Amino acid sequence: QGGAVNNAGDLRIVESVLRDNVSTGSGGAVYNSNLLTVHRSTITANTAGQEGGAAFNASFFLASTVSVVDSSVTLNFAGNGGGALMNYGGDMVVVGSTLSKNSAGLLGGAIWNYSAGRLRVANSTISDNVNHWSYGGGLLNSATAELRNVTVANNVAGDGSANGIGGGISNGEGASLTLANTIVADNSSTYFGVGLAPDCYDGGRASTVTSQGYNLIGIVDSECTIDGDTTGNVTTMTVPIGDFQF
């Protein structure tokens with residue numbers, strides 16, 4: 001675990017480059033199980049056989065925290081999920097950063113937030129990421145997430161397969177996602193020839209996408225329900241395409 005670093009202490013990576021590292025497990029560059037801060041750094045072209053192409057945050061025994069600030073996370077790959085970042089039950093904060101051109105074999109092209117994890121993304125861009133099969137070209141949220149002043153664009157779910165849903169964001173069953181002053185647009189997905197929920201997916205499965213206002217969501221179809229304060233929201237409604245489940 002952790003192609004470059006396996007951290008169980010308090011690690012600060014500042015003005016550094018982590019590149020071309022490989023883990024057969026999780027955390028292509030970094031596996032974190034305590035406190036990790038990445039500041040003004042670049043994490044690029046790393047590979048994880050399982051989850052977290054750039055970094056994996058594991059909260060099994062301790063409350064682990066990852067902060068990515070003013071950094072670039074690009075061109076990383078995870079065989080399973082979280083092409084750039086995987087948050088497993090801990091706290092993850094991404095501020096002033098770019099996550100682009102990352103890919104995952106199955107779930108969450110850029111980020112997979114899972115197992116009671118708490119994710120906060122602010123003043124950042126999630127773009128041009130790919131999930132080759134299943135949910136979330138940009139972000140798959142399976143726990144609690146908040147996006148504030150974020151652009152989620154040009155991400156793809158289902159590249160090379162017919163099983164992609166939620167090209168921009170996919171919000172899993174029982175998960176909670178909050179959007180504020182955020183753009184989710186120009187994403188795409190392929191589900192057996194149908195562009196199912198290209199920008200936003202929640203599937204109506206006891207999940208919640210809550211608006212705090214002033215969001216732009218390119219396509220809102222029957223697979224994405226937005227609740228909360230919709231003041232200032234801009235959306236393009238399409239004809240409902242049915243309730244696809246798999």
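Pairs are defined by a Cβ separation below 6 Å, a sequence spacing of at least 6 or placement on different chains, a first member in region 38-62 that is over 12 Å from residue 19 (Cα atoms), and a second member that is open to solvent by 20 Å² or more (accessible area, probe 1.4 Å) and among the acidic types (Asp, Glu); the pairs so defined are 40/15; 40/70. One residue stands out in region 214-231 among those that are in a strand (DSSP E or B) and among the hydrophobic types (A, V, I, L, M, F, W, C): the one that is farthest from residue 199 (Cα to Cα), namely 226. When only residues in region 163-188 that are hydroxyl-bearing (Ser, Thr, Tyr) and open to solvent by 10 Å² or more (accessible area, probe 1.4 Å) count, which is farthest from residue 74 (Cα to Cα)? Once the filter is applied, the top-ranked residue is 176.
Just so you know, in region 1-30 the residues that are on the phi > 0 side of the Ramachandran plot and among the small types (Gly, Ala, Ser) include one that is farthest from the chain's Cα centre (by Cα), and it is 2. Restricting the search to region 86-101, which residues are in a strand (DSSP E or B) and either open to solvent by 10 Å² or more (accessible area, probe 1.4 Å) or among the aliphatic types (A, V, I, L, M) (or both)? Of everything in region 86-101, those that are in a strand (DSSP E or B) and either open to solvent by 10 Å² or more (accessible area, probe 1.4 Å) or among the aliphatic types (A, V, I, L, M) (or both) turn out to be 86, 88, 91, 92, 93, 94, 95, 98, 99, 100. Going by the conditions given, is residue 160 out of contact with any strand residue (DSSP E or B) (no Cβ under 8 Å at 6 or more places or on another chain), modelled with pLDDT under 95 and either within 23 Å of residue 44 (Cβ to Cβ) or open to solvent by less than 10 Å² (accessible area, probe 1.4 Å) (or both)? Considered against the rule, which asks whether it is out of contact with any strand residue (DSSP E or B) (no Cβ under 8 Å at 6 or more places or on another chain), modelled with pLDDT under 95 and either within 23 Å of residue 44 (Cβ to Cβ) or open to solvent by less than 10 Å² (accessible area, probe 1.4 Å) (or both), residue 160 comes out as yes.
The values are calculated or read from the model by the stated rules, or taken from the named source; none is laboratory data. As the structure is a computational prediction, the values presented were derived from the model and not from experiment. Heads up, the Cβs are rebuilt from the backbone with ideal geometry, glycines too, and the neighbour counts pull from every protein chain shown. Note: areas computed on protein heavy atoms with side chains; ligands, DNA, RNA excluded. Shrake-Rupley method; radii C 1.70, N 1.55, O 1.52, S 1.80 Å.
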